[in-house]
1. Within the range 46-61, which residues are at pLDDT below 95 and either charged (D, E, K, R) or open to solvent by less than 10 Å² (accessible area, probe 1.4 Å) (or both)?
2. Could you count how many residues in the range 93-105 are surrounded by 21 or more Cβ atoms within 10 Å (Cβ to Cβ) and at pLDDT 95 or above?
Amino acid sequence: MQYNKKIMKHFTNPKFFGKINNPDVIGKAGNPRCGDLLTLYIKIDDKTKKIKDIKFETLGCASAIASSDMICQLAKGKTMERALKIGFQDISNELGTLPPLKIHCAQLVTEALKDAINNYPKKI
């Protein structure tokens, strides 16, 4: 499969890869058919409800890792309400279009973000 330079950059050098100690909330998503598993760790500013830190751990292909890194980039600094509006097409567009067979990776990361925000114990 041929990936563009932007996807390869986020795959080989992800800025948001890792785990946050004592996150405020964790979001998970997985696709048993392709084997991709994703966990997002998020710290929330209680006053502003903005995502002040976000990291990911992903077991998956280049598209899954690049999509994970991109959703972190797009969500960081946003309010939880605004972050919920990030769609899979936003991820694909920012990465310079994912291959058609890999668009599910962008859908997976948006599911993990929604899972995290919906699990946040304090209402948004």
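1. Across the range 46-61, the qualifying residues are Asp46, Lys47, Lys49.
2. 1
The values are calculated or read from the model by the stated rules, or taken from the named source; none is laboratory data. Note that the structure is a prediction, hence the values are computed from the model and not measured. Because the Cβ atoms are built from the backbone with ideal geometry, glycine has one as well, and the counts that use them run over all protein chains shown. Ligands, DNA and RNA are stripped out before the accessible areas are found, and what is left, the full protein with its side chains, is counted by its heavy atoms. Shrake-Rupley method; radii C 1.70, N 1.55, O 1.52, S 1.80 Å.
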